[in-house]
Amino acid sequence: MASTATLHRKPPDPPSAPSATPAPPRRTALPTWAWALPPVLVLALGFLYPLALVVRQSFTPESLDEGGASLAPYAEVFASAAFREALTTTVWLAVGATVGCLVLGFALALVIAFVPFPGGKAVARFIDVFLSFPSFLITLALLFVYGSVGMANGAWTGVTGAAEGPFHFLTTPWGVLLAEITYFTPFVMRPLLAAFSQLDTAQLEVASSLGAGPLRIVRQVILPEALPALAAGGSLVLVLCLNEFGIVLFTGAKGVTTLPTLVYSKAILESDYPAACVVAVVNVVLSVGLYSLYRVVSRRAGA
């Protein structure tokens, strides 16, 4: 009997599975500074280190032994008439071109955005393509039109029989100003067209129904909405004009020396690297200062 009971005894239950699977070990999250380290290193090696070399060279006169530092290069450059003339020319060309681009860009953007005409959308798309053109290409086109042997002078001599035409302004500061306005105006138009596309046309219809004329609508309705875009485009054009080199070089304007061309002259033609670095540092400081000023204006206009 005992053996029979043993044969019919219920076998023991298998061991039950654990109630929950143990969680995998947590991975240690990288600190925030570790994610920022690669771009900071790239920026430091690609931009800050070369800039630091330029700044260091600007304090190292060629007459000093290696490792010496002096303010003599700054005193020498600041005392030169060439530097003061280049600084004045650079500032007035940049400011004049910026004002011209703002006025012309605002007028052209108004026409494209609010005056229906055939090909308006194609013109707006062409502006995006125009932004990719190099500056010397526009200057070359102006030389074909207004150069000494350009189309305008050729037409004048063909009609009047004169020995030469009257259009020689491209080799003057006014020619540089015209070329910069021609090239940089689309940089103002692009943000303006984007701002105009977001403008509620109901405001324009209400203002027109209340008897407001076109100029009043532009002044009181469109212009306040366009101020942030104007500030953004103006700040960009100002900095670009301040550092423009190709247009000044390609026009061949005699007596027009800007800070970038002065850097080229000191470094390449005269091999005066400390003076070239001094001018370059001044150009960088001026660019950053003006850009910061216009960023403040842009934020206030946007507010």
Exercise. Using a Gaussian network for the chain with springs between C-alpha atoms less than 10 Å apart, which of these wobbles most: L262, L204, L37?
Worked result: L37
Problem set entry | Table column - 3J(HN,Hα) (Hz), region 110-118, Karplus curve with 6.51, -1.76, 1.60, x for Gly and Pro | 4, 5, 5, 7, 10, 10, x, 8, x
For this session: Only helical DSSP H runs with n ≥ 4 go in: add -39500 (n - 2.57) per run for the chain, normalise by residue count and round the 222 nm mean residue ellipticity to 500 deg cm²/dmol.
Result: -21500 deg cm²/dmol
Seminar exercise, completed: Here the net charge surrounding L93, from other residues whose Cβ is less than 10 Å away from its Cβ (Lys, Arg +1; Asp, Glu -1), is -2
For this session: Compute the distance in nm between two label points, each set 7 Å from the Cα along the Cα-to-Cβ direction, one at T88 and one at T157.
Result: 3.5 nm
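Using the Cα centre as the reference, give the magnitude of the dipole from point charges on the C-beta atoms of the chain (Lys, Arg: +1; Asp, Glu: -1; all else neutral), rounded to the nearest 20 debye. Working shown, then result.
Working: 16 positive and 15 negative charges, 287 e Å.
Roughly 1380 debye, rounded to the nearest 20.
Below 8 Å between Cα atoms, with a sequence gap of 6+, how large is the relative contact order for the chain in percent?
Details: 298 pairs, mean separation 76.0, N = 303.
Contact order relative to length: 25 percent.
Mind checking the full-extension length gain between S271 and A79? Use 0.36 nm per residue of separation minus the Cα-Cα distance, one decimal, nm.
Numbers: separation 192, 0.36 × 192 = 69.12 nm, distance 1.90 nm.
Gain on stretching S271 to A79: 67.2 nm.
Please list the equivalent ellipsoid semi-axes of region 104-213, computed as the square roots of five times the alpha-carbon gyration tensor eigenvalues, in descending order and whole angstrom.
37, 17, 12
Based on the Cβ-Cβ distance from V285 to V42, what FRET efficiency comes out when R0 is 25 Å, to the nearest 0.05? Show your work: numbers first, answer last.
Values: r = 24 Å, r/R0 = 0.95.
Efficiency, from the Cβ-Cβ distance: 0.55.
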For this session: Select from L48, L142, L290 the residue whose mean-square fluctuation is largest in a Gaussian network model of the chain (Cα-Cα springs shorter than 10 Å).
Result: L48
Exercise. Taking only the alpha-carbon atoms of region 69-302, what semi-axes of the equivalent ellipsoid follow from 5 times the gyration tensor eigenvalues under a square root, in whole Å, largest first?
Worked result: 37, 27, 13
Exercise. If one computes P(r) from the Cα atoms of region 190-303, what percent of pairs lie at distances over 25 Å?
Worked result: 47 percent
Seminar exercise, completed: region 84-146 and region 180-210 have their Cα centres apart by a whole-number Å value of 16 Å
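Relative contact order (percent) for region 151-303, with alpha-carbon contacts under 8 angstrom and 6 or more residues of separation?
After rounding, I find 26 percent.
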Exercise. What FRET efficiency would be calculated for the residue pair D200, D128, taking the C-beta separation as r and a Förster radius of 22 Å, to the nearest 0.05?
Worked result: 0.35
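Any read-out appearing in this document is the output of simple, stated calculations on the displayed coordinates, not a laboratory observation. The structure displayed is predicted, hence computed values, not measured ones. Reconstructed Cβ throughout: ideal geometry from the backbone, glycine too, with neighbour counts over all protein chains shown.
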